[in-house]
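Undergrad: Please read through the structure below; I'll follow up with questions.
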Amino acid sequence: MAAATTDVNPNYDRVKDIREFDETKQGVKGLRDSGLASIPKIFIHPPEVLSTLKPPSQTNTANIPVIDLQNINSQTHRPEIVKKIKEAAKEWGFFQVINHGIPISVMEETIQAVKSFHEQPDEVKAKYYDPDRTPSKSRGVLYTSNNDMHRAKAATWHDYLQLLMAPEEIAVNVENIPGIVRKEAVAWDGCATKLADDVMELLCEGIGLESSRFKELSCSGQRYLVGTYYPPCPQPDLTLGLAPHSDPGTITVLISNQISGLQIKHGEEWVDVKPLPGAVIINIADLLQIISNDEFNSVGHRVRANCCEEPRISVVEFFLLSKWKEYGTFGPLPELVSAEKPALYRQFTEDDYFSNMYVKGLEFKSLVEKFKLQKS
Ligand code: OGA
Ligand code: NI
């Protein structure tokens, strides 16, 4: 593989380097385990990206709102929780929830199971490695490195396992989930979905919708569980752990081990997110910004390349719409559109949605921008 350099060489064959990397079937973790001191060229980002990376000691920490769900069912306390969550979803697009009812042991077991999957012997894991990155071929299970390897200009320092958990017609059969994460993935999917549904009810109430409106629209109807492994990186100032993007779904539920790395774009600045121990991070994704007609905000985020000695693990559950056949199109909800607040987005079909998602690799607000109506 080519040596690390940022020189622009017209003869450089990126496709060949990617092919060779994929042929190892060992992902970024395999590179790290080989003990290499400098990262391969396919991972090196251009100067305009690298200049936004500050050393962790010089990076500000985002005080994303903390929402305490303890008294969610108390008539006295619920209105205050609703108000806080609505403000957080508008101002920050990211918040962390505490007293969410999910036992810490379940969170820890889920993270440990994802870590164990990635740390299996190479020959066991290689069976699952998919260089084509096609979840349908692999019946709802996809293990690979960098989903957008062929579309993005530069790769990032992570591998991931993705499981399609719903809707049932296309979801993975439980027996096809790798045994080492099976029990934990099923348990986490149940907990994350319950939490997402609770949060979506609060969000609905916050903007004057029926509490069940998002659920009925199928906002949690399609679910991907993604277990990402960020190996320690020998040159964290030359690459990223995950490229800047906003999530394409409705909401995202995230837990990680205690290694830092997640950053959000707040104003013009990239700031670190440091979850409280035991908290679950939730963020608004593009679809919820669109159907809420900008009542909620989908915010750009990325992950720094891991500069710790230990791997960073995250378990991210993505929620997306599923009832495309029933609804035909989605767009700003009629209840949220008025003469004073006209629709900011057009209606879109399932084809519009999927053909505009991450066309050039991970992207920031690609869907929000594509479906935005021009101001007349
Ligand atoms: C994602 C994501 C953050 C993380 O997978 O979309 O933003 O901490 N992940 O892994
Ligand atoms: Ni994301």
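Undergrad: If V97 meets every condition in (1) in a strand (DSSP E or B); (2) touching a Pro at 6+ places or on another chain (Cβ under 7 Å) apart from one, which number is that one?
TA: The one condition V97 does not meet is (2).
Undergrad: When A196 is evaluated against the numbered criteria (1) within 16 Å of ligand 2 (Cβ to nearest atom); (2) in a strand (DSSP E or B), which criterion, by number, is the only one it fails?
TA: The number of the failed condition is (2).
Undergrad: Hey, could you check the stretch 46-88 for residues that are in a helix (DSSP H, G or I) and charged (D, E, K, R) and say which is least open to solvent (accessible area, probe 1.4 Å)?
TA: First, the residues of the stretch 46-88 that are in a helix (DSSP H, G or I): 47-50, 56-58, 78-88.
Subset that is charged (D, E, K, R): 48, 78, 80, 83-84, 86-87.
On the way: E48: 127, R78: 41, E80: 100, K83: 108, K84: 97, K86: 66, E87: 90 Å².
Across the stretch 46-88, the extreme among qualifying residues is R78.
Undergrad: Which of the residues belonging to the stretch 259-278 are of a type outside the set (D, E, K, R) and within 12 Å of ligand 1 (Cβ to nearest atom)?
TA: Let us first name the residues in the stretch 259-278 that are of a type outside the set (D, E, K, R), namely 259-264, 266-267, 270-271, 273, 275-278.
I259, S260, G261, L262, Q263, I264, V273, P275 - these are the residues of the stretch 259-278 that are of a type outside the set (D, E, K, R) and within 12 Å of ligand 1 (Cβ to nearest atom).
Undergrad: How many residues does the stretch 330-359 contain that are over 21 Å from C219 (Cβ atoms) and touching a Ser or Thr at 6+ places or on another chain (Cβ under 8 Å)?
TA: 1
Undergrad: Follow-up. When the stretch 216-229 is examined, which residues are found to be more than 16 Å from ligand 2 (Cβ to nearest atom) and touching an Asp or Glu at 6+ places or on another chain (Cβ under 6 Å)?
TA: S220, the sole residue that qualifies.
Undergrad: What number of residues in the stretch 89-136 are closer than 30 Å to K274 by Cα, among the hydrophobic types (A, V, I, L, M, F, W, C) and exposed (fewer than 14 other Cβ atoms within 10 Å of the Cβ)? Before you say what the answer is, go through the steps one by one.
TA: Taking the stretch 89-136 first, the residues closer than 30 Å to K274 by Cα are 89-120.
Then keep just the ones that are among the hydrophobic types (A, V, I, L, M, F, W, C); that gives 89, 92, 94-95, 97-98, 102, 104, 106-107, 111, 113-114, 117.
Okay, now just the ones that are also exposed (fewer than 14 other Cβ atoms within 10 Å of the Cβ), so 104.
Count: 1.
Undergrad: Restricting the search to the stretch 280-318, which residues are closer than 27 Å to L202 by Cβ, in a loop (DSSP other than H, G, I, E, B) and either within 16 Å of ligand 2 (Cβ to nearest atom) or open to solvent by less than 10 Å² (accessible area, probe 1.4 Å) (or both)?
TA: A285, S292, N293, F296, N297, S298, V299, G300
Undergrad: Please go through the stretch 211-261 and pick out each residue that is within 25 Å of E295 (Cα to Cα) and more than 13 Å from the chain's Cα centre (by Cα).
TA: Matches in the stretch 211-261: S211, S212, R213, F214, K215, E216, L217, S218, C219, S220, G221, Q222.
Undergrad: A further question follows. Could you pull out the residue among P248, P232, P236 that is touching an Asp or Glu at 6+ places or on another chain (Cβ under 7 Å) and either among the basic types (K, R) or away from ligand 1 (no atom under 11 Å from the Cβ) (or both)? Outline the logic, then answer.
TA: Values: P248 fails: either among the basic types (K, R) or away from ligand 1 (no atom under 11 Å from the Cβ) (or both); P236 fails: touching an Asp or Glu at 6+ places or on another chain (Cβ under 7 Å).
Residue meeting the stated conditions: P232.
The values are calculated or read from the model by the stated rules, or taken from the named source; none is laboratory data. Remember, predicted model here, so these are calculated numbers, not experimental data. Counting neighbours? That spans all protein chains shown, and the Cβs are built from the backbone with ideal geometry, glycine included. All accessible areas refer to the heavy atoms of the entire protein, side chains included, with ligands and DNA or RNA removed. Shrake-Rupley method; radii C 1.70, N 1.55, O 1.52, S 1.80 Å.
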